[in-house]
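Have a look at the structure below before the remarks.
The values are calculated or read from the model by the stated rules, or taken from the named source; none is laboratory data. Keep in mind that this is a model prediction, so the values were computed, not measured. Please note: Cβ atoms are built from the backbone with ideal geometry, for glycine as well, and neighbour counts cover all protein chains shown. Keep in mind that these areas ignore ligands, DNA and RNA; they rest on the heavy atoms of the full protein, side chains included. Shrake-Rupley method; radii C 1.70, N 1.55, O 1.52, S 1.80 Å.
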Amino acid sequence: MRVLIAGASGQLAQAIRRTWQDHDLVVPEETVLDLSRREAISTVVAETRPQVVLNCAAFTQVDRCESEAEQAQLINATAVGWLAEACEAQNALLIQISTDYVFDGTGTRPYREDDPTSPVSVYGRTKLEGERQAARCSRHLIARTSWLYDAWGKNFLNTMVNAAGQGRSLRVVDDQRGAPTTCRALARQLKVAAEEGWQGLVHTTCQGETTWHGFAKAIFEAKGMAVDLSPCATADYPTPATRPAYSVLDGSRRAILGCDLMPGWHDALLEVIRADWK
Ligand SMILES: NC(=O)c1ccc[n+]([C@@H]2O[C@H](COP(=O)([O-])OP(=O)(O)OC[C@H]3O[C@@H](n4cnc5c(N)ncnc54)[C@H](OP(=O)(O)O)[C@@H]3O)[C@@H](O)[C@H]2O)c1
């Protein structure tokens, strides 16, 4: 399959490039496939003639989205509509990556795909609008994921390891629950999803759940680092954006659609820590 990837330098895009190597990947620089420019999108998609367009680009800085709502709307929502139009013209499958932050976090069991959404941040609201825009393309797959990280990129794992490496004591919130998900596990699942022709909305996170504090503890244990780590509450560290307190996603639809490849979050962490794939 010819696959066009938007958001080339992001952490998920890097995992896709490593995992989907047996497909014909077209990965333009972000200055070429610039999602803020409608014409750039239509030109690149028309010239590339892809079977699949995988949108890994987004305005992902959740706190900055609060003060830069217009830019968040443009990249996370409006541009997805332009991608959907361009894909429709080529009869391509649009794969849009979305987020657990479309939920408000008041749930008490893992959220299913058909549970009502109610985002509590600009990021969540614009990503939800992005889902609606993606669904304008007849052939679309919207894959919601959460707490993405890997050995590369700006993410919680690297932030924790760097902070601990400086000998700092760390306090990490212990009252937000979710599922840390590795980019490589998501990339493998998306590859199978594209090959099997999944469509619609699907939750694609690693299995199980923890808190940010539980995740940090597991990281330091796996790396054999002795760190002065203690739990704290979200209220102790106010941030511009509100985050859902509980954003675990139910993944049972994956097995209905086809091959469910998502590992447990802890096994996925160990794969990242132990594997040479950096
Ligand atoms: N990270 C998470 O925890 C998480 C959780 C749930 C869902 N997701 C979703 O998963 C997807 C991948 O996220 P990620 O973690 O890989 O994010 P990432 O590392 O921040 O990558 C996003 C990429 O999009 C690029 N981008 C921003 N504006 C652009 C534009 N106008 N044109 C083209 N590219 C542009 C960014 O470039 P610059 O860096 O130069 O701005 C960046 O390289 C996103 O849809 C995100 O919303 C992420």
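Which stretch or stretches of the stretch 11-38 have amide N atoms under 15 Å from the point lying 7 Å from Glu195's Cα along the Cα→Cβ direction?
Of the residues in the stretch 11-38, 16-25 have backbone N under 15 Å from the label point off Glu195.
If you split all Cα-Cα distances of the chain into 10 Å bins from zero, what percentages do you get per bin, shortest first?
Per 10 Å bin, starting at zero, the Cα-Cα P(r) for the chain comes out as 7, 30, 37, 21, 5, 0 percent.
Determine the share of the chain's accessible area contributed by carbon and sulfur atoms, expressed in whole percent, with a 1.4 angstrom probe. Before the final figure, lay out each step's value.
On the way: 5670 of 11990 Å².
The value for the chain is 47 percent carbon and sulfur by accessible area.
To one decimal place, what Kirkwood hydrodynamic radius in Å is obtained for the stretch 127-215 from all pairs of distinct Cα atoms?
Final number for the Kirkwood radius of the stretch 127-215 is 15.1 Å.
Using only Cα atoms, what Kirkwood radius does the stretch 142-184 have, in angstroms?
Working: mean 1/r = 0.0839 Å⁻¹.
Kirkwood hydrodynamic radius for the stretch 142-184: 11.9 Å.
Rounded to the nearest 20 Debye, what is the dipole magnitude of the chain about its Cα centre when Lys and Arg each give +1 and Asp and Glu each give -1 at the C-beta?
Working: 29 positive and 34 negative charges, 66 e Å.
In debye, rounded to 20, the chain gives about 320.
Rounded to the nearest 10 degrees, what's the angle between the helix 212-223 long axis and the longest principal axis of the chain, both from Cα atoms, 0 to 90?
80 degrees
Share of Cα-Cα pairs in the stretch 209-278 beyond 14 Å, in percent?
72 percent
Mind giving me the nanometre distance, one decimal, between the label points for Lys154 and Arg37, set 7 Å out from Cα along Cα→Cβ?
2.3 nm
Send over the semi-axes of the stretch 5-79's equivalent ellipsoid, whole angstrom and largest first, taken as the square roots of 5 times the C-alpha gyration tensor eigenvalues. Could the numbers behind the result be given before it?
Values: eigenvalues 106, 50, 13 Å².
Semi-axis lengths for the stretch 5-79 are 23, 16, 8 Å.
May I ask which residue of Thr108, Cys87, Ser36 lies farthest towards the positive end of the charge dipole of the stretch 5-157, with charges of +1 (Lys, Arg) and -1 (Asp, Glu) on Cβ and the Cα centre as origin?
Thr108
Using the beta-carbon distance between Leu74 and Ser118 and R0 = 22 Å, what value does 1/(1 + (r/R0)^6) give for FRET efficiency, to the nearest 0.05? Intermediate values should be presented prior to the final figure.
On the way: r = 23 Å, r/R0 = 1.03.
So the FRET efficiency works out to roughly 0.45.
Please report the base-10 log of the normalised intensity I(q)/I(0) for the stretch 42-195, using a Debye sum with one equal scatterer per alpha carbon and no solvent, at each q in 0.09, 0.18, 0.21 (1/Å).
Listed by q, the Debye log ratios stand at -0.33, -1.20, -1.45.
Going by alpha carbons, how many degrees (0 to 90, nearest 10) lie between the helix axis of 122-134 and the longest principal axis of the chain?
30 degrees
Less than 15 Å Cβ to Cβ from Val102, Lys/Arg counted +1 and Asp/Glu -1: what total charge do the surrounding residues give?
Working: positive: Arg112, Arg125, Lys127, Arg132, Arg144, Arg243; negative: Asp100, Asp104, Glu113, Asp114, Asp115, Glu129, Glu131, Asp250.
For residues surrounding Val102, the net value is -2.
Taking amide hydrogens as modeled 1.01 Å from N in the peptide plane, which residues meet the under 5 Å criterion relative to Gln207, leaving out close sequence neighbours?
Those qualifying (amide H under 5 Å, at least 5 residues apart or on another chain) are Gly264, Trp265.
What does the net charge come to around Arg171 if you take all other residues with beta carbon closer than 14 Å to its beta carbon, with K and R at +1 and D and E at -1? Show your work: numbers first, answer last.
Working: positive: Arg168, Lys217; negative: Asp174, Asp175, Asp228, Asp236.
Net local charge, Arg171 excluded: -2.
With a 1.4 Å probe and every protein chain left in place, work out the accessible area per residue of the stretch 52-91 in Å², rounded to a whole number.
Here the per-residue accessible area is 40 Å².
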